[in-house]
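First up is the structure itself, then whatever we jot down about it.
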Amino acid sequence: MVLETILYIVAYPPLWQLLILGFLGSLVVAMVAIWFERKAAARVQRRIGPYWASPRLGGFINIVADMVRYVMQQVIIPNTVDRAAFILAPIVALVVSILPLAFTPLTPISLYWPVASMEFSLLIALAITTIPPLLVVALGWAANNKFAVIGSMRESYVITAYELVAVLAILSGAAATLSFNLVDIVEAQQPLKWLAILNPLAFLAAFLAVLMSTSAFPFEIPESEHEVVAGPFTEYSGVLYALNMGGAYIRRFVYAVLLSLVFLGGWAPYTPVSEGPIAGFIVPSLIVVAKATLLVLAMSFLRAVYGRYRLDQALEAAWRLAIPLALLGFGWSLALAYANVI
Amino acid sequence: MPARVALKSVRRRGGLFEGIASNIQALAVAVKYFVDPQRATLLYPREYIEHRPGYRGFIVFIKEKCISCAACARICPSAAMKMVRVTEPDPKHPDRPRQKQYPVINYQRCIFCGYCVDICPTEALYHVPFQDVVYESLADMFLTLEAFQVEPKRPAVAEGSPVVYEVDEERGLVKRRR
């Protein structure tokens, strides 16, 4: 009885979905992703990577120590910055980054949705994911530093090119299933008709766009270290810098959750059998999170393969390659819908 | 007259399919190394490189063989080796001591070229096959005549295992455990 009550409290959708999965989950996923990024790049480049801090865990403690260092570091706020925007922008960006999770169903049972109705949930979630880059531009401007301004200018170039691709490519899920309801989209691909298999073009375009718009490694243009010191985050230190970096990882994680719902069939191999909190909510949500984690790790792995693109190369890739790819994927989805495949 | 800048037209390499193919190839190589890593990094105190004989490492002096010709000090390109004058008992005339010159070495200057070892007519100098010896201060690196005759100890040997680098036909430089 007590256990059941605790389970119901844990499975309270805002608590489980936003705090535990959204905040803590993406923190853990970010740590695992950073660790995996370093280890995988080391393996591919014939090095060993982080090791001595904890040889049995493969040096994972190293990442925890980094986190602790960021939290303990002194936060320096220069005199020349716009203080309010400088402090508020990373915090607001972090909160807004998690918000799309409030509109993503992680289970088909309506009892466990954070909002009452999932109509148009895909549109709302996509719309919210496009807000945080604007805050990154704002905080780069507020920092009043040449590197920050250059970095935020690059960010603005990049988001104009790639948010379009991301929105188009993810909306092709809606085009295939003729619904903006994420639950319908997931249910439509239920047995094994995943959109990533039926429509690989749109999936590829969405993957590229997520990489780009969250400035993951091959497209780490706004904060490329050896050109503009840390881009928009040049003046940041301590917790505020950690918030910025964490915001980027949370955005990537949230995008990955969206991708795994739209393209990878959501809680696909599993269909909830009862309405209990474990079978009805926790297991399907964990399946979605596992798929999203795999996607994030795949994005991290690309660091070992590609060098950083220049800004003009990335923009050319966007306008010449990614947008036609996304449009093709969208058309393919419409054809799928017309042929009643899904 | 300044040189004219000529703009070369660079042909775009390959088409779309070649680009896709090369991307897939790069990913395949990365996955191959990820699954089967060939690490070249040395985990230093736990592993150390076992060099082949003939490696030019630290230099040890055998006093008994030295004929005080000073060829080593003259050939030394970085002036690391100097002769010192020593008063010692003469085996031929026990009643009066003799003065003799012996080399000492300054490892702050030595570049480990091995010329002194090569030129020594009586082979009174020889290399030990390692270079990872640590001194606590700069003054310690200026070896006295007594210290020059003692073979230095290799710190990594105490806790590490030897490793050999070999050139592999396909993989390049490969680390092998002995």
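Over every pair of different alpha-carbon atoms in chain B, take the mean of 1/r and invert it; report that Kirkwood radius in Å. Show your work: numbers first, answer last.
Numbers: mean 1/r = 0.0467 Å⁻¹.
Taking every pair of different Cα atoms in chain B, averaging 1/r and inverting gives 21.4 Å.
Listed here are the pairs B:LYS100/B:LYS153; B:LYS32/B:LYS153; B:LYS153/B:LYS175; B:LYS82/B:LYS153; A:LYS39/A:LYS291; A:LYS39/B:LYS8; which of them are more than 30 Å apart at the Cα?
Table pairs above 30 Å Cα-Cα are B:LYS32/B:LYS153; A:LYS39/B:LYS8.
When B:SER9, A:SER215 are ordered from fewest to most other Cβ atoms inside 10 Å of their Cβ, what list results? Walk me through the numbers on the way to the answer.
Values: B:SER9 4, A:SER215 26.
The fewest-first ordering by Cβ neighbours comes to B:SER9, A:SER215.
Take the eigenvalues of the Cα gyration tensor for chain A, scale each by 5, and report the square roots as semi-axes in whole Å, largest first.
Equivalent ellipsoid semi-axes, largest first: 32, 25, 20 Å.
Over the Cα atoms of segment B:61-132, how large are the radius of gyration and the largest Cα-Cα distance (Dmax), in Å?
For segment B:61-132, the Cα-based Rg and Dmax read 13.6, 44 Å.
I'd like the FRET efficiency for B:ASP140 and A:HIS226, computed as 1/(1 + (r/R0)^6) with the beta carbon distance as r and R0 of 35 Å, rounded to 0.05.
Efficiency at R0 = 35 Å is approximately 0.35.
Among B:TYR165, B:TYR102, which comes first, then next, by fewest other beta-carbon atoms within 10 Å?
In order of increasing Cβ crowding within 10 Å: B:TYR165, B:TYR102.
May I ask you to compute the full-extension gain from A:ALA116 to A:ARG83, defined as 0.36 nm times their residue separation minus their alpha-carbon distance, rounded to one decimal in nm?
Roughly 8.1 nm would be gained on extension.
Sort A:LYS193, B:LYS153 by Cβ crowding within 10 Å, fewest neighbours at the top.
B:LYS153, A:LYS193
Can you give the longest stretch of chain B with no exposed loop site, where a site means GluC sites (Glu not before Pro) in a DSSP loop (not H, G, I, E or B) with at most 13 other C-beta atoms within 10 Å?
Of all site-free stretches, the longest is B:1-122.
To the nearest 10 degrees, how steep is helix A:146-177 against the longest Cα principal axis of chain A, on a 0 to 90 scale?
The angle comes out near 10 degrees.
Under a plain spin-label model, where a point goes 7 Å from the Cα along Cα-to-Cβ, how far apart in nm are A:LEU321 and B:GLN131?
Rounded to a tenth, the inter-label distance reads 4.3 nm.
What stretch of chain A, leaving out the sites themselves, is the longest with no GluC sites (Glu not before Pro) in a DSSP loop having at most 13 other Cβ atoms within 10 Å?
The reported range is A:1-224.
Please determine, in degrees from 0 to 90 and to the nearest 10, the orientation of helix B:16-35 with respect to the longest principal axis defined by the Cα atoms of chain B, where the helix direction is its Cα long axis.
With rounding to tens, the tilt is 40 degrees.
How about segment A:264-342: which trypsin sites (Lys or Arg not before Pro) there are in a DSSP loop, with at most 15 other Cβ atoms within 10 Å of their Cβ?
A:ARG310
Among all cysteines in the protein assembly as shown, which have no other cysteine Cβ under 4.7 Å from their own Cβ?
Cys with no partner Cβ under 4.7 Å: B:CYS66, B:CYS69, B:CYS76, B:CYS110, B:CYS113, B:CYS120.
Read the figures in this text as sums done on the coordinates, not as results from a lab. Computed from a predicted model, the values in this text were never measured in an experiment. For neighbour counting, all protein chains shown are included, and Cβ atoms are generated from backbone atoms with ideal geometry for every residue, glycine included.
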